[in-house]
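The values are calculated or read from the model by the stated rules, or taken from the named source; none is laboratory data. Computed from a predicted model, the values in this text were never measured in an experiment. Glycine also receives a Cβ, built like all others from the backbone with ideal geometry; neighbour counts cover every protein chain displayed. To get the accessible areas, we keep the full protein, side chains included, count just its heavy atoms, and leave off ligands, DNA and RNA. Shrake-Rupley method; radii C 1.70, N 1.55, O 1.52, S 1.80 Å.
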2 protein chains.
Amino acid sequence: MRRVYLENKEYQGARSEFVAQLEQLGALEPLAGKLMPIRDSLGMVTAEAVVSKSSVPHYHASAMDGIAVRAEDTYQARETNPVVLTLDEDAVEVDTGDPLPSQFNAVIMVEEVQFIDNGKVEIIAAASPWQHVRAIGEDMIKGEVIIPSNHTLTAPDLGAVIAGGIKDIEVRRQPKVAVIPTGSELVPPGETPARGEIVEFNSTMLGGLFTQWGALVTTFPIIKDKYELIRDAMAKAVSENDIVIVNAGSSAGREDFTAAALAELGNVVTHGVAIKPGKPVILGYIDKTPVIGVPGYPVSAALTAKLFVYPLVRALRGQGTAEGERVKALLSRSLHSTLGMEEFVRVRLGQVGEKLIAAPLGRGAGVITSLVKADGMLVLDRLSEGRLAGETIMVELFRDQAEIRRTLMISGSHDMTLDIIDSIMRERYLGYSVASAHVGSLGGLVGLRDVEAHCAGTHLLDPASGEYNITYVKQHLQDKALLVHLTYREQGLMVAPGNPKGIKNLRSLAQEDIVFINRQKGSGTRVLLDFRLKEEGIDPRQIQGYRREEYTHLSAAAAVANGAADAALGIRAAAKALGLDFVPVDRERYDICIPRQLMDTPLIAKMLEIIRSEEFRRRAKALGGYDASNSGSIIWLPGEEDQDA
Amino acid sequence: MRRVYLENKEYQGARSEFVAQLEQLGALEPLAGKLMPIRDSLGMVTAEAVVSKSSVPHYHASAMDGIAVRAEDTYQARETNPVVLTLDEDAVEVDTGDPLPSQFNAVIMVEEVQFIDNGKVEIIAAASPWQHVRAIGEDMIKGEVIIPSNHTLTAPDLGAVIAGGIKDIEVRRQPKVAVIPTGSELVPPGETPARGEIVEFNSTMLGGLFTQWGALVTTFPIIKDKYELIRDAMAKAVSENDIVIVNAGSSAGREDFTAAALAELGNVVTHGVAIKPGKPVILGYIDKTPVIGVPGYPVSAALTAKLFVYPLVRALRGQGTAEGERVKALLSRSLHSTLGMEEFVRVRLGQVGEKLIAAPLGRGAGVITSLVKADGMLVLDRLSEGRLAGETIMVELFRDQAEIRRTLMISGSHDMTLDIIDSIMRERYLGYSVASAHVGSLGGLVGLRDVEAHCAGTHLLDPASGEYNITYVKQHLQDKALLVHLTYREQGLMVAPGNPKGIKNLRSLAQEDIVFINRQKGSGTRVLLDFRLKEEGIDPRQIQGYRREEYTHLSAAAAVANGAADAALGIRAAAKALGLDFVPVDRERYDICIPRQLMDTPLIAKMLEIIRSEEFRRRAKALGGYDASNSGSIIWLPGEEDQDA
């Protein structure tokens, strides 16, 4: 067994060391310029300053529609003493941009001219010399620098360059970046992978990033995990490109050849950086070409590309280092981190009142959907052991703030109809969307106290009254929130197709051959389970797997579908989605709790409109096990029962 | 003479009315989808939700390099009680991503495994069931929505879609936008315009903007100012495009046919909006195609495109309205505005200490270079008469904040060597640049008191002592700033080539046939002039044009070059740049005043390094009239002369 022991270099140091070595090699000099038509150079970077070939305007031009005059002829004009000028003698009609005839030195706007008969005009105010005239060179003077070097060209820049009489300019060649996907387990996009195979998608993601950064990307075909094949592909890529990315084979597995091949052809500067995710990154070069081995997990791949490849692309383009836009946000739940590792955590963001709330997404390096959902990223310092819920943290933004302000943050319990609200929201109100953070029913209500979401889904049974939700809202939010009904739904045991273990009811869970998987504490499903177990006198300790927790209905269902458990309590729709059988246990009410102070905000208004629509009810019903026929009705308003009483 | 009287509709109302009419026509429905390979769809917008075709992972996979085991076999393992497992019986080696053999249910990381002889391994800690296993569906579950509809695709999105087993997706067709440049005065880019002609560059600028916004742009050849030609081009464009832009012919000139042609073919909703610049914009439609007549001045064209076309492009793409990122900034000088008009002012921005300073750029609608230089834009409300220097205002950003933080803000007096500092800064320190705001020497010193720039250029003669700058710095900044020398330079009278009026010295300015143009009050050149006039006993009232003011050496020189004046006082380099003759008057010292608290900041350090370089001195000398041989030396440190005394 080949075993590679990775380094664990501190991140900033590793990055600086790599950049310094490349600079010493001259590998980070901005690329040479090439002549390109200005029309095609949007987003390109100038390789030299662009100097105007002519002044703009290049003649004295009228700045208005009106008449050109000699200012001296108008000095006596007053409302009480109009001056009459003869057209084509004392004055001449001009439009904006027309040359000022040389005998004139001012323009009077057409609105201030009275046209009278016989080609005469009357004016009632004096014109000052050069008024409404664009003098030669007002915009730019021949020989002046229009655009400096190392400047990324915008649309107005293109216009200015053409105005300056220039058609072609020197822009830096775009960096050529090669992406080499490696791995015997990979199959090309569109093919159906067998067990043990996965579809190769990292190269498309990485290629997309590099393209956005201004590089020209070449993607190699998938290379099998053979030392010679990887080495030869690397050699070929280096000969044709400015930067080479090998993905992956960078870890400590038995078939990770990237570092060894790089060491044979060139130099490995670093193998292993104290970042999470992304630790097994390889930083090196062959001759003067940087070669980076990015890890195979998609989140690691995207992050290490951003941290180590982006600065190189920018340097070769002649651009300075980039810093993403950073904003302050409140952390929605505590995050622990590993001392000694720089950890990068993706978050969803929502603007709730004055607060920007950051809800951490799944931290698994393999979970590409966490990149898809992310609005931003925070960094847990290597000297920190984590950050607490409610702490102010800095978040680097991935989306613009306007979009974030149009995101409805629903916390609390997970329900599949929340995804329907999201879909309808996006279809009806362009730019708006729903972000749901699954913290359980109780967690959601507690979070609303500090206004950490716009609303929270809840299905909490009060064992004393048999009533749902109201007791809990009163207890945690007093008169500060109200309850709107969303849907009734069936809860039951999700079991394998055909119910091979013959599970009949909750009592079956106590059987020795049955492995259960539970939901997290504070979730409505957990409260329901505990209530019913107590009612039926079943001791939780008899249930195998009672302490294993999942956070959503779908993930609990997935655990059953993939054999990690024989049963889980969840909603019928989750069972249906994964093709599981369903043993009904109860029908429960799922409501949405909304802080009173947010009731009249546009986001809540949009949500209410959606959940009261026929479309919502129809789509909820189609999920199976849902009864949303009263969705949107007010369940409880604080103060109401006092009146009833 | 055809005269069109423009409307003057309030901006928000005009925009809402236009959008409402288009919505009623169904002209703003998101465009239909078409099937496209996911690989090519970066930046496209989804026309429908993308649903996963398979779960990811689609088998239980090892999440680590290590060994797969049965958790039950390891429960007894302790440091004091190692458990020995036989490979290929009780355990099997796995790499990250390998399928978990069905008899196993946990993975132990390779780092925690001791390989001993005879195919045996030793472990010293218990594994919990399913540890380091990526269970089926951990990332996404078959049938789950991966990407919602109306979503702009990012690089990670592409990866996620491929991971979900999908190769082609439905993305919205890109809006087709036609740009029709009109005007008999226009010549194509690259041609040399005769007097009265201008190079057509707006279509390139507008096309660049529309491309950035995600449209497919077709640019028509230049159409002459003939009613039928414009009408026919418009009809053709409408039949082939989703949005049609006519530039310009939208004003009240004699050859402005756009509105009339639009009225014949379709409907004019609005002609004239109370915005500055951009008032003569035309909003209308033909059948269901929006047609916008954008004014001819480039700044007006860019602004009206942003205000009225951008929302349409976004709607057709299925994106919500966009808001640019807005930040708070301090206004560097007062701005007056026209009551009843919404005025859009471009600004340069600089971060000075904690403050973001916004320095307004030229407001002329014809000045495209103001768009090139702009870092952002502020809006003067139609109900406001302006904003005062030092007021906090909101600025919409055009560049990212990191770039703005790397901008050295030099205020005070204009000097051409400041452009050299900028060039060297951009070449040596990628991403760094210089912004100079020309407020005159005195204005610069006063502004430093409130730290409204990083430093200020000054050449103020003290008539009492004959000394430059020190007296003024002491008076305005006491011990809070120091002076660094930049250059000596020749001041003199800039006159037409060959000096046709025989100007010999300042006394010549009092001649009746000589028209002078002055610099603004508070500028060092003005102070010098007034000092020398007094010295020579010349009454300013004798000088024609004494009250006409220009703000920079180059603009004063341009006034002489284009015949608006016979003479101006300025530096030799400005005269040389415009091919003028030069009559020397004096040699003056130009220094840079730097607040002490900023002395150790990276921006000032970079500037000092540059002005002390041989390259700077050489390039300054090449301008003509400069002596920068001591550039960078400290002229005055507060407290120093107290010690001398």
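Observations on the model:
- Computed per residue of chain B from DSSP H runs no shorter than four, each worth -39500 (n - 2.57), the mean residue ellipticity at 222 nm is -7000 deg cm²/dmol.
- Among the trypsin sites (Lys or Arg not before Pro) in the stretch B:59-160, none sits in a DSSP loop with a Cβ that has at most 15 other Cβ atoms within 10 Å.
- Length available on full extension from residue A:480 to residue A:23: 0.36 nm per residue minus the Cα-Cα distance, which gives 158.5 nm.
- Ligands, DNA and RNA left out, the 1.4 Å accessible surface of the protein assembly as shown is 49% carbon and sulfur atoms.
- For the stretch A:339-351, Karplus couplings with θ = phi - 60° (6.51, -1.76, 1.60), whole Hz, Gly/Pro x: 4, x, 10, 7, 10, 10, 10, 7, 9, 9, 10, x, 9
- Rounded to the nearest 20 debye, the dipole magnitude of the protein assembly as shown is 260 debye, with +1 charges on Lys and Arg beta carbons, -1 on Asp and Glu beta carbons, and the Cα centre as origin.
- HN-Hα J in Hz across the stretch B:604-610 - Karplus 6.51, -1.76, 1.60, θ = phi - 60°, x for Gly and Pro: 5, 4, 5, 4, 4, 4, 5
- Where both bridge residues fall in the protein assembly as shown, DSSP classifies roughly 70% of the beta bridges as antiparallel.
- Starting from the label point of residue B:87 at 7 Å along Cα→Cβ, the same points in the other copies fall at 10.0 nm, in ascending order.
- Within the stretch A:338-423, trypsin sites (Lys or Arg not before Pro) in DSSP loop having at most 16 other beta-carbon neighbours inside 10 Å: A:363, A:399
- For the stretch A:83-177, the solvent-accessible area works out to 39 Å² per residue, with a probe of 1.4 Å and every protein chain left in place.
- Multiplying the residue separation of residue B:287 and residue B:462 by 0.36 nm and removing their Cα-Cα distance gives an extension gain of 56.0 nm.
- Summarising the amide proton neighbourhood of residue A:91: residues at separation of 5 or more, or on other chains, whose placed amide H is nearer than 5 Å comprise A:86.
- At least 30 Å² of accessible area lost relative to the chain alone, listed for the stretch B:189-204 with a 1.4 Å probe: B:189, B:190, B:195, B:196, B:199, B:201, B:204
- Computed FRET value (nearest 0.05) for residue A:72 with residue B:338, which takes r as the C-beta separation and R₀ as 35 Å: 0.75
- DSSP-loop GluC sites (Glu not before Pro) across the stretch A:81-186, with at most 13 other Cβ within 10 angstrom: A:89
- Projected label distance in nm at residue B:428 and residue A:633, using a 7 Å step from Cα toward the beta-carbon: 7.6 nm
- Placing +1 on the Cβ of every Lys and Arg and -1 on the Cβ of every Asp and Glu, with no other charges, gives chain B a dipole of roughly 2940 debye about its Cα centre.
- The distance between label points at residue A:267 and residue B:535 comes to 6.1 nm (points 7 Å beyond Cα on the Cα→Cβ vector).
- Summarising the strand pairing of chain B, around 75 percent of its internal DSSP beta bridges are antiparallel.
- Solvent exposure ordering (accessible area, 1.4 Å, most first) of B:149, B:629: B:629, B:149
- Antiparallel DSSP beta bridges within the stretch A:443-644, as percent of all bridges there, nearest 5: 85 percent
- Inter-probe distance in nm under a simple model that places probes 7 Å from Cα toward Cβ, at residue B:125 and residue A:84: 10.4 nm
- Interface residues, the stretch B:120-156 - accessible area loss of 50 Å² or more versus chain alone, probe 1.4 Å: B:130, B:139, B:141, B:155, B:156
- For the stretch A:624-634, Karplus couplings with θ = phi - 60° (6.51, -1.76, 1.60), whole Hz, Gly/Pro x: x, x, 9, 10, 10, 5, 10, 4, x, 6, 7
- Total accessible area lost when B and A pair, probe 1.4 Å, Å² to nearest 100: 8400 Å²
- Scanning chain B for the Cβ atom closest to the axis that brings B onto A yields residue and whole-Å distance B:325, 4.
- Under 5 Å from the amide H of residue B:384 lie the amide H atoms of B:340, each residue being 5 or more positions distant or on a separate chain, with H modelled from the backbone and absent for Pro and chain starts.
- Between copies, the label points of residue B:504, set 7 Å from Cα on the Cα→Cβ line, lie 12.6 nm apart, reported in increasing order to one decimal in nanometres.
- Comparing each chain alone with all protein chains together (probe 1.4 Å, DNA, RNA and ligands left out), the residues of the stretch B:551-573 losing at least 20 Å² of accessible area are B:554, B:558, B:562, B:564.
- Amide H contacts of residue A:269 (H built 1.01 Å from N, under 5 Å, at least 5 apart or other chain): A:283, A:284, A:285
- The candidates B:246, B:446, arranged from most to least accessible area with a 1.4 Å probe in the full protein assembly, appear as B:446, B:246.
- Here is how far apart the residue A:103 label points are across copies: 11.0 nm, shortest first, using a point 7 Å from Cα toward Cβ.
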